[in-house]
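Single-structure report; data block below.
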Amino acid sequence: MIKKFLAWVSVLLFAVFSIYPILYVLSVSLRGDNAFQSQSLEIISSTSTVKNFVDLFVNTEFLLWLRNSVIVSAATTLLGVTLASTSAYALSRYRFRGRNLMLFSLLATQMFPATMLILPFYIILSKMHLIDSFVGLFIIYSASALPFCVWQMKAYYDTVPKELEEAGLLDGCSRWQTFYKIILPISSPALVITALFSFMASWSEYIIAAIVLQDPQLYTLPLGLRSFQASLATQWGLYAAGALIVSVPVLVLFISISRYLVSGLTMGSVKG
Amino acid sequence: MKTVKSLLLFIILCTGFVSEAAPMRLQLWHQMIYGHRVVLSEALRNFEKENPDLVVQETYRETEELRSSYQAAAMGGSGPELIYGPSDQIGPFASMKIIRPWDEVLEKEFFGQFDPLATPKYQDVHYMIGGSVGNNLMLLYNKKLLKNPPKTTDELIAIGKQMTQDTDGDGKIDRYGLVFNYTEPFFFAPFIPAFGAPFMTEDGKPQLNTPALQKTFEFILELRDKHKIIPKECDYETANALFKQDKAAMLINGDWSWGDYKGAGMDFGIARIPLVSSTQKWPQPLVGTAGYSLNVNIQDPERLAATIKLLKYLTSPQVQKLFTERVGVLPSNLALRDDPAVKNNALLQVSSYIMEVGTPMPVVPEVRGVWDSLRVQYQKVLAGSLTPAEGTREAQVMAEAQIRDMNEVIQPDASAFVIQGLALILFLWVLWVSRTSLVNFIKGLQGPQRFVYFMMLPAFIGIFAVIIYPFFYNIAISFSNFNLLTFQSWQIVGFQHYITAITDPRFWSLFVKTIIWTVVNVFFHVTIGIFLAVIINQVMPAKGFWRTLFIIPWAVPQYITALTWRGMFNQEYGPINQFLQQFLHLSPVQWLSQPFTAFTACIITNVWLGFPFMMIVALGGLQAIPHSLYEAAYLDKANAWQRFRHITLPLLMPVMIPAALLGCIWTFNNLNIVWLVSNAGEPGDQTHILVSYVYKAAFNLYRYGYAAAVSVIIFLILVAFSISSLVAQYRKETR
């Protein structure tokens, strides 16, 4: 009994720890008078209004940013999933020279401080005339999420028995067909994780978007939100309201796939 | 697959449409605050109506970002036609040769129509035309609370004491006499000359080791600790909010803030910052301008002519009047000074009186080094880790060192040839080693293995372009003298940056701090993750609900949560301190102004952010443990701890170790949290870890070569770490 009680108490404490900051953003977004500071711990007070949310949709370009972000994230996710699932399959199933080196260099890409890559990115993109275009962003986002996704997918494929493909080949499938018709469908947990990571990499990325996109018509959500902040005068209410709305799709995504998350993220390492 | 392709094609077409434009498109990058942006945009739309063949696209960037993205853009040979920013950016830009002197393209008479303050010169050349003058600090006072502003600092303290009150008697101060962003040197700089001597000499050298600066430090400390008329922690936002809510009688702020307070319906007055009683001197606010500079890459005569047309329009009396009427700035065009819009504006009249005691804002690039070292040492003084006398001494030493580093052009030495030779040998060696592989590779494209190639190549081309190529580019920069002065003409110089980095004791202390940061974070991520996973898995009903609840911190974008936590740690208004006070009856912690607590705050934020990932991994691991093992343990009468110790933990390890390894690499390189929570290393640069230090060296101090070298060292450290742990794990498995 005592053990159960302690377990409940600690879980509830951690629950408060994990959701309070979000409630805090909510409370700032509901304060009508753009007052960032308040000396009370109330989330919703008598002066709460939804004015900031209304303003966000009516008086700012929020919907445009939302559209842009959806385009960028959708394309990145598609590209990321396609590339990760195919290349990881090759790495998992075929032995060739340089395979181990390739695997390690994938891991090694995570070790270089990413901010130092900004300047070279800019130079490459401007030489290829990809500044102010979403194509540049797709390429950077999907490729930078790839190393993790490839590792993830490879670990998963490693757990899929080879006999399945052998059976497929005997039945007259081509290798592409065995991959496409047999392996991909049973890898859905890992594919979902890969999609999630590619999506997250692009949905909330700020630094690279800021150098690639200069035309306000192309702004993605993080860039748009950032424009509420100025060095000496921030529109906190609008910012908080926008921040909440930006977080919603990711949250929904996480909640709807949390079942896959558990199996997809660990399956490989358990059996592999 | 067909749908995928057509969707991609569709998106590419869409984006193609957006970048297509018929009239000539001019770009303007600016850092105007919200209210000013609206006016700018109105003015530009008028301009487009008058000039149907031109389209102007304005892009807002925050000041620091404007600077760094313009540098990158201009270096890549592109960038906006006009860039609008504060006058102190022309020094660095001119040194990098990325802005063009206006004298080359404008007639001499043109400059005569402006207030000299609005046409600052760097090395006797005009690089900027200001749209307004001002940016000067003054004392704002709430007329509801205070009828007459103080004239001297003695009066300021007396009135301040009278105004600082605990109105509801709960032992907490509800109203302060004076608030301002006093941790930022710009806001106390006016006092330095008033206490004796300016902080820079006439020829742009730092002059910080002076009794004047020491007295200024002591003055602010007295306001805070002896007279207690300013809050213990006060950044710009806090000061602003207190003043607006009538919780502060006086505020030191600049002319840009008027619109905000007018908008909030406040009745406020402005006055000079009070005369320093002990020296009988007036504080000298820095008076500057914000204006337009010309991109050096605009060479096409037609485009240049259009750009000049735009500049002349933007600085014309017509547009300036619009700004004056709408947001109350003092126009730079002298023709407007007698205009009723200026004459009848009481605030502008007082403001120009205040400007009489101001000094022009220094524009030399060195001023950046001075501000930075002043900020760092001053924050140490505020945190009590240095005395004011030590602070001034250290500030001078640091400013000189930073200026030396910034202006140093390293000459190539013998090692430059060694590096070039080594690079050549390495290249040939790789060619030699891979000659057979290369042939095999090309053969393989047609052979039976070609399926593998088609599966792998697209991903690796992407990774190569986006990560590997920039990585080698960085290695090249790390051997070069790439910095402020060699922006356009850097060359390979040798190993100097590496030697500087590893012989610098600061590097090693940061290294130790980064290790502590990584170990503490990953330890909490993993233990909290396992703890919650085990409890949820064994005790809690509705597992799915709890799992979802604990994923939340992971799902919210990092740049949002980091800023949220910064707000929560605020000394007076953050919910964390309010919780400590109301429920635990503890005294408030000055989270962000002490180095240790600020670093702790960063760690707490990052722990919050990282435990969900580990929890999910642990949950997956737990599900894979066969139930039969626990049943056997029950029969053996093992207690809960023994079951955890001997079954759960060992079987979780294979899952947790790779995750923890990856976690270490991510945490080691996590810039966002430290940078955003501690506001770029505050207080006094004491919360940096290696990556944030690299970021600062590259983007704030222009030391690209040095920053690249340190980042290569970071990379090598992590490679060594992961190879050794992978090898250790491999040995353990094969034993």
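Each residue of chain A gets 198 Å³ once the volume of the Cα convex hull is shared out per residue.
Contact order for region B:83-172, expressed relative to its length and based on alpha carbon pairs under 8 Å spaced 6+ residues apart, stands at 19 percent. Using R0 = 25 Å, the C-beta based FRET efficiency linking B:V55 and A:M128 works out to 0.55. Separation of the alpha carbons by more than 19 angstrom is noted, of A:K4/B:K543; B:K108/B:K343; B:K244/B:K281; B:K244/B:K380; B:K121/B:K696, for B:K108/B:K343; B:K244/B:K281; B:K244/B:K380; B:K121/B:K696.
Peptides B:622-629, B:321-328, A:215-222 ranked from most to least packed, by the mean per-residue count of other Cβ atoms within 10 Å: A:215-222, B:321-328, B:622-629. FRET efficiency for the B:D124 to B:N407 pair, using the beta carbon distance and R₀ = 22 Å, is estimated at 0.70. Using the beta-carbon distance between B:R435 and A:Q217 and R0 = 60 Å, what value does 1/(1 + (r/R0)^6) give for FRET efficiency, to the nearest 0.05? Here the calculated transfer efficiency is 0.75. Taking a ≥ b ≥ c as the square roots of the eigenvalues of the Cα gyration tensor, chain B is classed as oblate, since a/c reaches at least 1.5 and a/b does not exceed b/c.
The length gained by stretching the chain between A:K181 and A:R95 to full extension, at 0.36 nm per residue less their Cα-Cα distance, is 28.7 nm.
Given contacts defined as C-alpha pairs under 8 Å and at least six residues apart, what's the relative contact order of chain B, whole-number percent?
Working: 1035 pairs, mean separation 102.4, N = 735.
With pairs under 8 Å counted, the relative contact order is 14 percent.
Shape class for region B:367-408, computed from the alpha carbon gyration tensor (a ≥ b ≥ c): prolate, with a/c not under 1.5 and a/b above b/c. Among residues other than B:K108 whose Cβ falls under 14 Å from its Cβ, what is the net charge (Lys/Arg +1, Asp/Glu -1)? It works out to a net charge of -4. Remark: chain B carries 42 Å² of accessible area per residue (probe radius 1.4 Å; ligands, DNA and RNA excluded).
Sequence-distant contacts, meaning Cα pairs under 8 Å at least 6 residues apart, place the relative contact order of region B:555-661 at 18 percent. Excluding same-chain neighbours fewer than eight residues apart, the lysines reachable from B:K172 by a Cα-Cα span under 16 Å are B:K161, B:K228, B:K232, B:K247. Each label was represented as a point 7 Å from its Cα along the Cα-to-Cβ direction; for B:S628 and B:A158 these points are 9.1 nm apart. Mean-square fluctuations from a GNM of chain A, with a 10 angstrom spring cutoff on Cα atoms, peak among A:F197, A:F17, A:F53 at A:F17.
If you look at the Cα atoms of region B:241-338, you get an Rg and a Dmax of 19.1, 60 Å. Could you check which residue among A:L169, A:L64, A:L13 shows the biggest mean-square fluctuation in a GNM of chain A with a 10 Å Cα cutoff? Highest fluctuation among the options: A:L13. The label point for B:K312 and the one for B:R326, both projected 7 Å from the Cα toward the Cβ, are 2.3 nm apart.
Using a 1.4 angstrom probe on protein heavy atoms only, the contact between B and A buries about 11000 square angstrom of accessible area, both sides summed. Each Lys and Arg adds +1 at its Cβ and each Asp and Glu adds -1 at its Cβ; summed about the Cα centre, region B:617-735 shows a dipole of about 260 debye.
Gain in length, B:I499 to B:D246, computed as 0.36 nm per residue apart minus the alpha-carbon separation, to one decimal in nm? Before the final figure, lay out each step's value.
Values: separation 253, 0.36 × 253 = 91.08 nm, distance 5.50 nm.
Full-extension gain reported as 85.6 nm.
Using just its DSSP H runs of length 4 or more, each adding -39500 (n - 2.57), chain B gives a mean residue ellipticity at 222 nm of -18000 deg cm²/dmol after division by all residues.
What the Cα atoms of the protein assembly as shown give is an Rg and a Dmax of 30.1, 99 Å.
Surface composition of chain A: carbon and sulfur atoms hold 69% of the protein heavy-atom accessible area at a 1.4 Å probe. Each residue of region A:129-249 gets 135 Å³ once the volume of the Cα convex hull is shared out per residue.
Shown for chain B: the carbon plus sulfur share of the solvent-accessible area, taken with all protein chains present and a 1.4 angstrom probe, equals 63%.
Highest mean packing first, where packing is the average number of other Cβ atoms within 10 Å per residue, the peptides A:134-145, B:531-542 line up as A:134-145, B:531-542. Using a simple spin-label model with pseudo-atoms 7 Å out from Cα toward Cβ, B:N46 and A:E163 lie 8.1 nm apart. Accessible-area loss of 10 Å² or more (1.4 Å probe, protein heavy atoms, chain alone versus all protein chains) is found in region B:74-119 for B:M75, B:G76, B:S78.
Potential lengthening of the chain between B:L445 and B:A264 amounts to 58.2 nm, from the contour at 0.36 nm per residue minus the alpha-carbon distance.
The values are calculated or read from the model by the stated rules, or taken from the named source; none is laboratory data. Worth saying up front: this structure is predicted, and the values here are computed from it rather than measured. Here Cβ is always computed from backbone atoms with ideal geometry, including for glycine, and neighbour counts include all displayed protein chains. When the accessible area is computed, the model is the full protein with side chains, heavy atoms only, and any ligands, DNA or RNA have been set aside. Shrake-Rupley method; radii C 1.70, N 1.55, O 1.52, S 1.80 Å.
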